[in-house]
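The values are calculated or read from the model by the stated rules, or taken from the named source; none is laboratory data. Note that the coordinates shown come from a computational prediction; the quantities given were computed from them, not determined experimentally. For neighbour counting, all protein chains shown are included, and Cβ atoms are generated from backbone atoms with ideal geometry for every residue, glycine included. In case anyone asks, the SASA skips ligands and DNA or RNA and just uses the protein heavy atoms, side chains included. Shrake-Rupley method; radii C 1.70, N 1.55, O 1.52, S 1.80 Å.
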2 protein chains.
Amino acid sequence: MVSLEEVAKLAQVSPATASRALSRPDMVAKETRERVLEAARQLGYQPNQLARSLRQRSSRSLGLIITDILNPFHATVAKGVQDAAEKHDYTVFLFNTDEDPEKERRALNALRGHLPQGLLIVPTPRTRENLKLVANLPTIELDRQSGTPGAHSVMVDNVGGARSAVEHLTALGHRRIGMIVGRLDITTAVERHQGYREALAAAGLPYREELVLPGNHREEGGRVAAHALLSRPPDERPTALFVGNNEMTVGAVLAARELGLRIPEDLSIVGFDDSRWARTMQPALTVVAQPEYDIGFLACETLLSLLRHGKAVQPIRIRLATTLIVRDSTAPPGHASSQP
Amino acid sequence: MVSLEEVAKLAQVSPATASRALSRPDMVAKETRERVLEAARQLGYQPNQLARSLRQRSSRSLGLIITDILNPFHATVAKGVQDAAEKHDYTVFLFNTDEDPEKERRALNALRGHLPQGLLIVPTPRTRENLKLVANLPTIELDRQSGTPGAHSVMVDNVGGARSAVEHLTALGHRRIGMIVGRLDITTAVERHQGYREALAAAGLPYREELVLPGNHREEGGRVAAHALLSRPPDERPTALFVGNNEMTVGAVLAARELGLRIPEDLSIVGFDDSRWARTMQPALTVVAQPEYDIGFLACETLLSLLRHGKAVQPIRIRLATTLIVRDSTAPPGHASSQP
DNA sequence: AAAAAAACTGCAAACGTTTGCAGTAGTTGA
DNA sequence: TCAACTACTGCAAACGTTTGCAGTTTTTTT
């Protein structure tokens, strides 16, 4: 590793001047600067970020903590963050919690030692507590809210998205619409559930508890829940299903297939969150699409501007719009099933 | 940020002793050690990794450079790496090149400044050159080879995997088998192509150039190539397709659908690399599955043991086996198409 | 032409650790 | 009882930068 001192020696200046030539070019004479730059080039000098960060007490880096890198939604968010960060010459430390609060705690501790300037986090149910580990580190919450008072957040309009999905179903004539809702200790699930209720109410339909089942946000949870809902007697079985996240939607589709239900003739399905799988499965899935990439990109930009312009007085709460994409998995309820 | 000095003060020892109490416990008296540990706990002390790394001239961290975080294959590899690293208390710096050698160069430079102890990289066609930026940083190549002499690598048996796929097709009776091969400046594509040739030869079938088309490794490239192959006159059209990576396989399936070809009646398809999409599409896709997670995990473990035990004299070259998973997208050639 | 200002450069300290070395106290052996 | 260990602890330097301050040279102003 070639150090600044060697560059300085080659350029016949002091390390101080060499440092300035590289990071505050206008503070040094043109000729000197060029000598230093040339020397640096010749030696292939790359500044030691550790030393620099240590001295400056901050590290031109950000932490990003997501809950599941294997979920394309999160992977895309991460890419948005990284692209925005790279644009501003920041490095991103990525950690993965697998929805496990303990792993989240470890991640935060590890992160701390690297003195990031800010944090982007997809909260778990214990984040509010864990965030104390990095008190007064500028933080933006992504996708969900931890409930930390005064927290900044970038999310989508879950209520509106869910409502548009369910209104689409009611408009098609469905009257028994089930929902697989997710864990109610995660705000997205609560909000989507809320949208579901609102849409039912708007259509003058009663809310029926027995048609709403929780799932664990994974494929298997969706499959189990869908199985339960769809195994009800024909005249009590929902004719349509609204599923609260992408993974569970896969499970729901599989359950429908296992039960020999045709989509959309016997069952309409709307999922939350688009994916290649949803686009290319047959029939193509009607979904509420989220701007995943933008969530990450915008959140990162917001965080960086927060860092530049000092703390905001008001908590920043950004809600991005969702888009209902109607494909082939939704249709009017079939004649086969009796209507109440 | 609470520093070691404050801990030391609270425990009434020197910073040196505090340091030792935390990182070489057996060098300090039991009673002292406990006092220090208690003080650290009380203050919520977390060591400043930057300072530590600076002093130790190494940073208990690894670099991971992949080409596309949105590709589930790479995301899974990354997860394998991260899990292994976390197990050994290493931090991973993740960078994304989007297959762009220039971004790769930037990533390597950024990485350099963080003094990682090792590097795991999925090479691009320019990696061999770019790696000079981090000369003598212990490095393992993943999935592909850069051609750097003496490089360590962890890959799958691409030749064998491709051969098993194509042998499956020949065994079913296919005689006109097309291949969408990928970029020939990437070793995986070359090797899979090689396996394809070997399987044809083993079945006594001629290699026909016109049935082999390159693709750009993305969905669109696969679609275009498949379109071209499948638009040939019926008696020259391949009855089966072997596609060289997961993204292109999606494109190929879409192309078949656009052309109204039924899978597997009119066309058998085998893809390389499994995915949820492949499992759940209908008909479920026959694929050559790779142990993605293991690639990452094993590569990381190997790198870490390399770090512990000094440089290996021999380059390490690990090849993991693939598995042919036969599902519903392959069948004997249909009666509709004439046989040569 | 002298004074004042501006432009540039170098010295040295600091960031928070770790670690070689030396010093002190307590213990063992003769 | 004294020497030689052993066990522990502290001092101070070092890692590679950045930056406040002061010193020197050059330029501008009067």
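Selection of the range A:83-129 for residues being assigned to a helix (DSSP H, G or I), more than 13 Å from every other protein chain (Cβ to nearest Cβ) and within 16 Å of the chain's Cα centre (by Cα) yields only A:THR127. Being away from chain A (no Cβ under 12 Å), under 24 Å from the mean Cα position of the chain (by Cα) and part of a helix (DSSP H, G or I) narrows it down to one of B:HIS217, B:HIS193, B:HIS227, so name that one. Being away from chain A (no Cβ under 12 Å), under 24 Å from the mean Cα position of the chain (by Cα) and part of a helix (DSSP H, G or I) holds for just one of B:HIS217, B:HIS193, B:HIS227, which is B:HIS193.
Out of the residues in the range B:110-147 that are acidic (Asp, Glu) and buried (at least 21 other Cβ atoms within 10 Å of the Cβ), state the one that is nearest to B:ALA75 (Cα to Cα). First the steps, then the outcome.
Residues of the range B:110-147 that are acidic (Asp, Glu), as a first pass: B:129, B:141, B:143.
Those still in the list that are buried (at least 21 other Cβ atoms within 10 Å of the Cβ) too: B:141, B:143.
Working: B:GLU141: 16, B:ASP143: 13 Å.
Top of the filtered list is B:ASP143.
Within the range B:243-260, being in contact (Cβ under 8 Å) with a residue 60 or more places away in the chain, away from chain A (no Cβ under 12 Å) and of a type outside the set (A, V, I, L, M, F, W, C) holds for B:GLY244, B:ASN245. Just one of the listed residues (A:ALA16, A:ALA8) is more than 14 Å from every other protein chain (Cβ to nearest Cβ), under 30 Å from B:MET1 (Cα atoms) and modelled with pLDDT of 95 or more, namely A:ALA16. When A:GLY161, A:GLY173, A:GLY150 are checked against the criterion of being open to solvent by 10 Å² or more (accessible area, probe 1.4 Å) and either touching a strand residue (DSSP E or B) at 6+ places or on another chain (Cβ under 7 Å) or not assigned by TED's automatic domain parsing to the domain that holds A:PHE242 (or both), a single residue qualifies: A:GLY150.
Return yes or no: is B:LEU54 within 13 Å of chain A (Cβ to nearest Cβ), open to solvent by 30 Å² or more (accessible area, probe 1.4 Å) and closer than 30 Å to A:TYR45 by Cβ? So B:LEU54 fits the description; yes.
Listed by first and then second residue, the pairs linking a residue in the range A:147-159 that is farther than 29 Å from A:ALA199 by Cβ to a residue that is open to solvent by less than 10 Å² (accessible area, probe 1.4 Å) and in a loop (DSSP other than H, G, I, E, B), with Cβ atoms under 9 Å apart and 6 or more places separating them unless they lie on different chains, are A:THR148/A:PRO123. Among the residues examined, B:LEU64 does not qualify as touching a Gly at 6+ places or on another chain (Cβ under 6 Å) and away from DNA strand D (no atom under 16 Å from the Cβ).
From the list B:ILE65, B:ILE69, B:ILE140, B:ILE121, which one is in contact with a helix residue (DSSP H, G or I) (Cβ under 7 Å, 6 or more places away or on another chain), of a type in the set (Val, Ile, Thr) and without any contact (Cβ under 8 Å) to a residue 40 or more places away in the chain? Lay out the reasoning, then the answer.
Details: B:ILE65 fails: without any contact (Cβ under 8 Å) to a residue 40 or more places away in the chain; B:ILE140 fails: without any contact (Cβ under 8 Å) to a residue 40 or more places away in the chain; B:ILE121 fails: without any contact (Cβ under 8 Å) to a residue 40 or more places away in the chain.
Exactly one of B:ILE65, B:ILE69, B:ILE140, B:ILE121 is in contact with a helix residue (DSSP H, G or I) (Cβ under 7 Å, 6 or more places away or on another chain), of a type in the set (Val, Ile, Thr) and without any contact (Cβ under 8 Å) to a residue 40 or more places away in the chain, namely B:ILE69.
Residues that are within 12 Å of the chain's Cα centre (by Cα) and under 20 Å from A:GLN117 (Cβ atoms) within the range A:60-82 comprise A:LEU64, A:ILE65, A:ILE66, A:VAL77, A:ALA78, A:GLY80, A:VAL81, listed in sequence order.
Looking at the range B:60-82, which of its residues are within 8 Å of chain A (Cβ to nearest Cβ) and charged (D, E, K, R)?
Taking the range B:60-82 first, the residues within 8 Å of chain A (Cβ to nearest Cβ) are B:69-70, B:72, B:75-76, B:78-79, B:82.
The answer is B:LYS79, and nothing else.
Among the conditions (1) without any contact (Cβ under 8 Å) to a residue 40 or more places away in the chain; (2) open to solvent by less than 30 Å² (accessible area, probe 1.4 Å), B:ALA107 misses just one, which is (1). Considering the range B:182-228, the residues that are among the hydrophobic types (A, V, I, L, M, F, W, C) and farther than 22 Å from B:VAL159 by Cβ include one that is most open to solvent (accessible area, probe 1.4 Å), namely B:VAL224. Being more than 23 Å from B:SER275 (Cα to Cα), more than 23 Å from the chain's Cα centre (by Cα) and at pLDDT 95 or above is a property that does not hold for A:LEU254. Counting residues in the range A:286-294 that are under 17 Å from the mean Cα position of the chain (by Cα), charged (D, E, K, R) and open to solvent by less than 30 Å² (accessible area, probe 1.4 Å) gives zero.
Looking only at the range A:59-73, count every residue that is assigned to a strand (DSSP E or B) and β-branched (Val, Ile, Thr) and tell me the total.
Start the filter on the range A:59-73 by keeping residues that are assigned to a strand (DSSP E or B), which leaves A:61-66.
The next check asks that each one be β-branched (Val, Ile, Thr); those that pass are A:65-66.
So the answer is 2.
Any residue that is out of contact with any helix residue (DSSP H, G or I) (no Cβ under 7 Å at 6 or more places or on another chain) and either at pLDDT 95 or above or not hydroxyl-bearing (Ser, Thr, Tyr) (or both) - is there at least one of those in the range B:74-81? Scanning the range B:74-81, I find at least one residue that is out of contact with any helix residue (DSSP H, G or I) (no Cβ under 7 Å at 6 or more places or on another chain) and either at pLDDT 95 or above or not hydroxyl-bearing (Ser, Thr, Tyr) (or both), so the answer is yes. Which ones in the range A:248-268 are among the small types (Gly, Ala, Ser) and out of contact with any Leu (no Cβ under 7 Å at 6 or more places or on another chain)? Scanning the range A:248-268 gives A:GLY251, A:GLY260. Scan the range A:36-51 residue by residue and report those that are out of contact with any His (no Cβ under 6 Å at 6 or more places or on another chain) and within 8 Å of chain B (Cβ to nearest Cβ). Within the range A:36-51, A:GLY44, A:GLN46, A:PRO47, A:ASN48, A:LEU50, A:ALA51 qualify. Among the conditions (1) more than 23 Å from the chain's Cα centre (by Cα); (2) charged (D, E, K, R); (3) under 13 Å from B:VAL250 (Cα atoms), the only one that B:GLU265 does not satisfy is (3). The set of residues in the range B:15-29 being open to solvent by less than 50 Å² (accessible area, probe 1.4 Å) and polar (S, T, N, Q) consists of B:THR17, B:SER19.
Here's a check for you: in the range A:1-14, which residue that is assigned to a loop (DSSP other than H, G, I, E, B) and within 10 Å of DNA strand C (Cβ to nearest atom) is least open to solvent (accessible area, probe 1.4 Å)? Reasoning before the result, please.
We begin by selecting, within the range A:1-14, every residue assigned to a loop (DSSP other than H, G, I, E, B); these are A:1-3, A:12-14.
Right, trim to within 10 Å of DNA strand C (Cβ to nearest atom) and you get A:12-14.
Details: A:GLN12: 152, A:VAL13: 34, A:SER14: 52 Å².
Among them, the one singled out is A:VAL13.
Scanning the range B:19-49 for residues that are near DNA strand C (Cβ under 7 Å from one of its atoms) and in a helix (DSSP H, G or I) turns up B:SER19, B:ARG20, B:LEU22, B:SER23.
Quick check, is B:GLY334 in contact with a helix residue (DSSP H, G or I) (Cβ under 6 Å, 6 or more places away or on another chain), more than 14 Å from chain A (Cβ to nearest Cβ) and of a type in the set (Gly, Ala, Ser)? Even if it seems obvious, please write down each step before you answer.
Details: in contact with a helix residue (DSSP H, G or I) (Cβ under 6 Å, 6 or more places away or on another chain): no; more than 14 Å from chain A (Cβ to nearest Cβ): yes; of a type in the set (Gly, Ala, Ser): yes.
No, not satisfied.
Can you confirm whether B:ARG327 is of a type outside the set (S, T, N, Q), open to solvent by 20 Å² or more (accessible area, probe 1.4 Å) and in contact (Cβ under 8 Å) with a residue 12 or more places away in the chain? In short, yes. Which condition breaks for A:ARG237 when tested against (1) within 14 Å of chain B (Cβ to nearest Cβ); (2) open to solvent by 10 Å² or more (accessible area, probe 1.4 Å); (3) at pLDDT 95 or above? Answer for A:ARG237: the failing condition is (1).
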